[in-house]
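**Student:** Before I ask anything, let me first share the structure, which is written out below as structure tokens.
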Amino acid sequence: MKDINFLKEKNARSLWHPMAHPADSLANPPTIVTGAKGVRISDVDGHEVVDGVGGLWNVNLGYSCQPIKDAIAAQLDALPYYSIFRGTSNDQVIQLAEELREFFAPDGLTRAFYTSGGSDSVETALRLARQYHKIRGEAGRVKFLSLKKGYHGTHFGGASVNGNANFRSAYEPLLAGCHHIPAPYTYRNPFNETDPAKLAQLCLAALEDEIAFQGPGSIAAFIMEPVLGAGGVIPPHESFMPGVREICTRNGILLIADEVITAFGRTGSWTGSRHWGVQPDFACTAKAITNGYFPFGAVMIAEHVAEVFEGDETGRAAIGHGYTYSGHPVGAAAALACLAEMRRGDLPGNAAARGTQMHRGLLALQDKHDIVGDVRGGHGLMSAIELVGDRAKKTPIDKGTAARVQETAYQAGAMVRVSGANIILSPPLVVTEADVQVILSALDKGLSAA
Ligand SMILES: Cc1ncc(COP(=O)(O)O)c(C=O)c1O
């Protein structure tokens, strides 16, 4: 490693950070993370904290998962790369597809299309959804519906179905034919409805209305996160996703579950769709599939969709889509080891128990700190608090407040993530009761400094 002074001096000088203003990165240089062990990360000054962010919702098993590291090292020796474009395959992707088929069987998903990350997975699902309809002779089904507040990555297709202006405005015009309906976000919604069950029904009615307005025969797919993540952790009422499934089925619209965060245990169930008792037509996965140790993803495809592609005799099902790193053997080896590790012990059970602890702890912090307007979570280890200037009026916080909370919490022992007015918590799923307590205590100190 270069010496500390070099790193601090150069920091953001020659690189631009994703999701940051370059001038801000220069004015407020980022924390330089140089090490990690278990569920803790350490910075260039040797300060060690519990990682309340879990990398970026992906390091579910923590930073010391030796079998995954070993699998990556061994695969680099055996076959560091080969493409799986038409005509070639490798042993790792074949084994992994069999494992994924078993893992996702309860979700009705039986085929895998490999990608190199979440945005790629979303793009793949959107494209295959359009192609599915073309194969079946419904070429007019090209539009996509999604939720405001949803996050689906940053490729043009994903950004077009994204429901947050921050990821859209600077890059418009986006894809034509993408339309959004209100999210089941009880704290703020156009219906002024705070009851989750009633709000779910209103959002479903808005979906029906939009489908009728657009014309069902023009819509390819509806995409949603089972629990909205980057938009500020918005768990819908339990009736919502089943309601979406029913409406989609009735209108011939495919349902894409964006499980980039929720697959592999984070909600306290193995998948977010399973959490709500829904079988989607596609599920986008990435992130925790390799525990974040290698960029990799997989779109899982429902049996009935696969049959349409595989049974095609017109040539329309030829897939003109894929990435150089689709099916990277090192990523596949990492994913195989990761799946095996995830299955040891009760990962969703721990996510559920620690998630409940986190949620209760955040509600207690809301009682103590007026700045906490809303607490969201309660479904595994995905939680957020929304900060407000005035609780009664739900006014926005001053610029800099959330950063102060974060910095104080960091000094007090926990990394937490700021996204707009939200502080988001998504620690590794292997955190202990004591680790969660460290995060809550650090956040308590952060909120006191707000
Ligand atoms: C639900 C969801 N979809 C897609 C993505 C994009 O994934 P990536 O950043 O790996 O491209 C993310 C990333 O956070 C996500 O949370």
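**Student:** Once you sort the root eigenvalues of the Cα gyration tensor of the stretch 108-187 as a ≥ b ≥ c, which label holds: rounded (a/c under 1.5), prolate (a/b larger than b/c) or oblate (the other case)?
**Tutor:** prolate
**Student:** What does the helix-only formula give at 222 nm for the chain: each DSSP H stretch with n ≥ 4 adding -39500 (n - 2.57), the total divided by the residues, and the result rounded to the nearest 500 deg cm²/dmol?
**Tutor:** Rounded to the nearest 500, it is -12000 deg cm²/dmol.
**Student:** Between the DSSP loop rule and a limit of at most 12 other Cβ atoms within 10 Å, which trypsin sites (Lys or Arg not before Pro) in the stretch 2-33 are left?
**Tutor:** Those satisfying the criteria are K2, R13.
**Student:** What do the square roots of 5 times the Cα gyration tensor eigenvalues come to for the stretch 68-343, in whole Å, largest first, as semi-axes of the equivalent ellipsoid?
**Tutor:** Working from the Cα gyration tensor, I get semi-axes of 31, 21, 17 Å.
**Student:** Let me check I've understood the local charge: for L381, count other residues with C-beta under 10 angstrom from its C-beta, Lys and Arg +1, Asp and Glu -1. What total comes out?
**Tutor:** +2
**Student:** Which distance in Å, rounded to a whole number, links the C-alpha centroids of the stretch 388-443 and the stretch 1-72?
**Tutor:** Going from one Cα centre to the other spans 18 Å.
**Student:** Same structure, new question: Quickly rank 247-259, 184-196, 43-55 as a protection proxy: mean count of other C-beta atoms within 10 Å, highest first.
**Tutor:** In descending order of packing, they fall as 247-259, 43-55, 184-196.
**Student:** Could you tell me which of rounded, prolate or oblate describes the stretch 252-314, using a ≥ b ≥ c as the square roots of the eigenvalues of the alpha-carbon gyration tensor, with rounded for a/c under 1.5 and, failing that, prolate when a/b is larger than b/c and oblate otherwise?
**Tutor:** Oblate shape, in that a/c is at least 1.5 and b/c is the bigger or equal ratio.
**Student:** For the stretch 282-364, what does the alpha-carbon gyration tensor say about shape, rounded, prolate or oblate, given a ≥ b ≥ c as the root eigenvalues, a/c under 1.5 as rounded, and a/b over b/c as prolate?
**Tutor:** Since a/c reaches 1.5 and a/b is larger than b/c, the shape of the stretch 282-364 is classed as prolate.
**Student:** Where the eigenvalues come from the Cα gyration tensor of the stretch 203-314, what are the semi-axes √(5λ) of the equivalent ellipsoid, largest first, in whole Å?
**Tutor:** In descending order, the three semi-axes are 24, 20, 11 Å.
**Student:** At 0.36 nm per residue, and after removing the present C-alpha to C-alpha distance, how many nm does the segment from A176 to R136 gain when stretched out fully?
**Tutor:** Here the answer is 12.2 nm.
**Student:** Can I ask one more? With equal scatterers on the alpha carbons only and no solvent term, can you work out the Debye log10 of I(q)/I(0) for the stretch 60-166 at 0.15, 0.18, 0.21, 0.22 1/Å?
**Tutor:** For the stretch 60-166, the Cα-only Debye profile gives -0.95, -1.18, -1.28, -1.29.
**Student:** Given a Förster radius of 25 Å and the C-beta distance between E303 and R344 as r, what FRET efficiency does 1/(1 + (r/R0)^6) yield to the nearest 0.05?
**Tutor:** 0.35
**Student:** Within the chain, which whole H helices from DSSP have a Cα span along their axis of at least 24 Å and a mean Kyte-Doolittle hydropathy of 0.0 or more, if any?
**Tutor:** Qualifying helices: 196-214.
**Student:** How big is the charge dipole of the chain about its Cα centre, in debye rounded to the nearest 20, if each Lys and Arg gets +1 on its Cβ and each Asp and Glu gets -1 on its Cβ?
**Tutor:** 660 debye
**Student:** Place the peptides 96-102, 110-116, 415-421 in order of packing, highest mean first, counting for every residue the other Cβ atoms within 10 Å and averaging per peptide.
**Tutor:** Top to bottom by mean Cβ count within 10 Å: 110-116, 415-421, 96-102.
Values quoted throughout were computed directly from the atomic coordinates according to the rules given, and no laboratory measurement underlies them. Small disclaimer: the values here were computed from a predicted structure and weren't measured. Because the Cβ atoms are built from the backbone with ideal geometry, glycine has one as well, and the counts that use them run over all protein chains shown.
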